[in-house]
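This report refers to the structure that appears directly beneath it.
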Amino acid sequence: MSILIKGGRVITADEDKIADVFIEDEAVAEIGESLDRAADRTIDANGKYVLPGGVDPHTHLDMPFGGTVTIDDVESGQTSAAFGGTTCHVDFIIQPQGSSFADAVEQWRGKANGKQVIDMGYHMAVTDLKGGGTLEELATLPDQGITSYKLFMAYKGALMVDDETLFRVMQVAAETGALVMVHAENGDAIHVLVEQALAEGKTEPKYHALTRPPETEGEATNRAIQLAHVAGCKLYVVHVSCRESVEPIARARQQGWDVWGETCTQYFFVDYTFLERPNFEGGKFVYTPPPRAKENQDVLWDAVRDDVLSVVSTDHCAFLWDGQKTLGKDDFSKIPNGAPGLENRLHMLHEFGVRSGRISLQRLVELWATNPAKYFGLYPRKGTIAVGSDADLVVFDPEKPHTISAATHHSKSDYNLYEGTEVTGSPEVVLLRGHVLVENDELVAQPGVGEFVKRARFGEELAPKQTAAAQA
Ligand SMILES: [Zn+2]
């Protein structure tokens, strides 16, 4: 099967030019002006952008949390990703306490088998080194293509690890070349503040934010940075939401330390006041870190422009408002934390980043595809458009109007963070390894088309699929 995409504006992190892209089997075979190639199918991309498929390094599909399970499983979550132009993501395996890492991997891969619509990899979230998993076993994961370890510095009594565990995992990462990811919030201090708020009868959704002040994020971010520097590992701070954590990351990066940070789409658009919406409407915006005071939004735009933060992910962790979020109707601490977002990252960044003049198109591509592919061992197979790369491509119509709404999105969640937002610019055709995933607002491919990707280590290149297969 071959496809010729003709006359589009091909945009990568390095280049922006009018060109044809010729796809043979699953990879990009040639890029050039007016290619004279016979193809099984030609797609006219005149006036359109041709972008690399998005890479989302932060999602939670089919994850147990807070006494319930996220509403999007692998099939519905990845379908919503595909409609938004995201063709690869890295999901979190959450090590069940007392379980070995091997059992955790098997359990999570079982949730994906046969359901995959896009390609995916896994991070390992380490929750327990005293029961099942050991440091020795953890050290074997990078050879299986799981090249990042995640630790929660929050959610005391559930996912949170102590500093000893954090530091020991950092030392293993320094040896194995894995990337350490941290959810940086001071879980002990937050635990105290939550208990005190509830004792005072403060139960509404806004107390989710008021018991997790930005300083608790800043403190944990700085602690993780300093400990990672001592351990000698590479550190990636997930979902940075405020000035208090942007500043220590900026300082570390100025010093040339191996520290990177991401923010998520919602932190540019949803602020603290959303949590104050009446009739438990605020419950929709309970995710962690919480929506912050509005002035942080400019701090985050500056940070992604200046490369203090280098990735925009979604932290897609979808629940129903009616039936799941409402578990915490009378107690904000029982509201499952998380929100949907996989489908709208490109819509929102294009509209309010590029069209509003905050970032360039090439920076958009870097933040949503190229950098996450690079940091998580997927590049250059993913995250760019180059000969030999997987033909994961988005033909994006910059003039196509789209209204974001739960009524039309593909997540199973019953609400959307950006409900009613009108954007100009939307994916028209989405390809995964040369297979048409989405066209004319329909899912064309069948679940099962997506594959598990064995990722390389940070800083190492992931060979083209054919070459890798030939060598195996
Ligand atoms: Zn998350």
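Here are a few things to note about the model shown:
- Exactly one residue out of A39, A45, A82 is of a type in the set (A, V, I, L, M, F, W, C), in contact (Cβ under 8 Å) with a residue 12 or more places away in the chain, over 28 Å from K454 (Cα atoms) and open to solvent by less than 10 Å² (accessible area, probe 1.4 Å), and it is A45.
- Taken over segment 52-69, the criterion of being within 15 Å of the ligand (Cβ to nearest atom) and crowded, with 24+ Cβ neighbours inside 10 Å is satisfied by D56, P57, H58, T59, L61.
- Checked against the criterion of being closer than 22 Å to D315 by Cβ and modelled with pLDDT under 95, the candidates G67, G77 yield just one match: G67.
- Restricting attention to segment 302-315, the residues that are open to solvent by 10 Å² or more (accessible area, probe 1.4 Å) and farther than 27 Å from K156 by Cα add up to 5.
- Matching residues, segment 362-400, being within 23 Å of V117 (Cβ to Cβ), of a type in the set (D, E) and surrounded by fewer than 24 Cβ atoms within 10 Å (Cβ to Cβ): D397
- Output for segment 83-99, where each listed residue is more than 16 Å from the ligand (Cβ to nearest atom), modelled with pLDDT of 95 or more, in contact with a helix residue (DSSP H, G or I) (Cβ under 8 Å, 6 or more places away or on another chain) and not polar (S, T, N, Q): G84, G85, C88
- Of note, A386 satisfies the criterion of being out of contact with any strand residue (DSSP E or B) (no Cβ under 6 Å at 6 or more places or on another chain), touching a residue at least 12 places away in the same chain (Cβ under 8 Å) and within 26 Å of K6 (Cβ to Cβ).
- With respect to the stated conditions, S333 fails to be open to solvent by 10 Å² or more (accessible area, probe 1.4 Å), out of contact with any helix residue (DSSP H, G or I) (no Cβ under 6 Å at 6 or more places or on another chain) and either within 29 Å of A406 (Cβ to Cβ) or assigned to a helix (DSSP H, G or I) (or both).
- Unmet requirement for P289, which otherwise passes all of (1) closer than 24 Å to Q254 by Cβ; (2) open to solvent by 10 Å² or more (accessible area, probe 1.4 Å); (3) within 16 Å of the ligand (Cβ to nearest atom): (2)
- If you go through segment 269-286 and keep only what is open to solvent by less than 10 Å² (accessible area, probe 1.4 Å) and of a type in the set (F, W, Y), you end up with just F285.
- Looking across segment 199-213, the residues that are among the basic types (K, R) and under 28 Å from the mean Cα position of the chain (by Cα) come down to K206, R212.
- Pair list, Cβ under 6 Å, 6 or more apart: segment 92-111 residue at positive phi and free of Cβ contacts under 8 Å to residues at least 40 places away in the same chain, other residue surrounded by 15 or more Cβ atoms within 10 Å (Cβ to Cβ) and not polar (S, T, N, Q): G98/G132
To keep it simple, each residue is scored yes or no on (1) at pLDDT 95 or above; (2) touching a strand residue (DSSP E or B) at 6+ places or on another chain (Cβ under 8 Å); (3) in a helix (DSSP H, G or I).
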| residue | (1), (2), (3) |
| --- | --- |
| T221 | yes, yes, yes |
| I225 | yes, yes, yes |
| V240 | yes, yes, no |
| S245 | yes, yes, yes |
| I249 | yes, yes, yes |
| Y287 | yes, yes, no |
| W301 | yes, no, yes |
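- Any hit, segment 26-34, residues being within 16 Å of the ligand (Cβ to nearest atom) and open to solvent by 20 Å² or more (accessible area, probe 1.4 Å): no
- Single residue of segment 213-234 satisfying the filter (aliphatic (A, V, I, L, M) and within 16 Å of the ligand (Cβ to nearest atom)) that is surrounded by the most Cβ atoms within 10 Å (Cβ to Cβ): A224
- Of the strands (runs of 3 or more DSSP E) lying entirely inside segment 2-104, those carrying at least 1 residues that are more than 24 Å from the chain's Cα centre (by Cα) are 2-11, 16-24, 27-32, 41-44.
- Pairs, first within 10 Å of V394 (Cα to Cα) in segment 48-70, second part of a strand (DSSP E or B) and within 16 Å of the ligand (Cβ to nearest atom), C-beta under 6 Å, six or more apart: G54/T86
- The lone exception for G353 - which of (1) in a helix (DSSP H, G or I); (2) in contact with a helix residue (DSSP H, G or I) (Cβ under 8 Å, 6 or more places away or on another chain); (3) surrounded by fewer than 21 Cβ atoms within 10 Å (Cβ to Cβ) it fails: (3)
- Only one of the numbered conditions (1) at negative phi; (2) open to solvent by 10 Å² or more (accessible area, probe 1.4 Å) is violated by F22, and that is (2).
- Residues satisfying the stated conditions in segment 193-206, i.e. more than 18 Å from W321 (Cβ to Cβ) and outside any loop (DSSP other than H, G, I, E, B): L193, V194, E195, Q196, A197, L198, A199
- Yes/no for K130 being assigned to a loop (DSSP other than H, G, I, E, B), more than 22 Å from the chain's Cα centre (by Cα) and of a type in the set (K, R): yes
- Where a residue in segment 112-137 is at positive phi and surrounded by fewer than 20 Cβ atoms within 10 Å (Cβ to Cβ) and its partner, wherever it lies, is of a type in the set (D, E, K, R) and not in a loop (DSSP other than H, G, I, E, B), with Cβ under 9 Å and at least six apart: G114/E75
The values are calculated or read from the model by the stated rules, or taken from the named source; none is laboratory data. Please read all numbers here as calculations on a predicted model, not as lab measurements. Neighbour counts are summed over all protein chains in view; Cβ atoms, including those assigned to glycine, are modelled from backbone coordinates with ideal geometry. Accessible surface areas use protein heavy atoms only, side chains included; no ligands, DNA or RNA. Shrake-Rupley method; radii C 1.70, N 1.55, O 1.52, S 1.80 Å.
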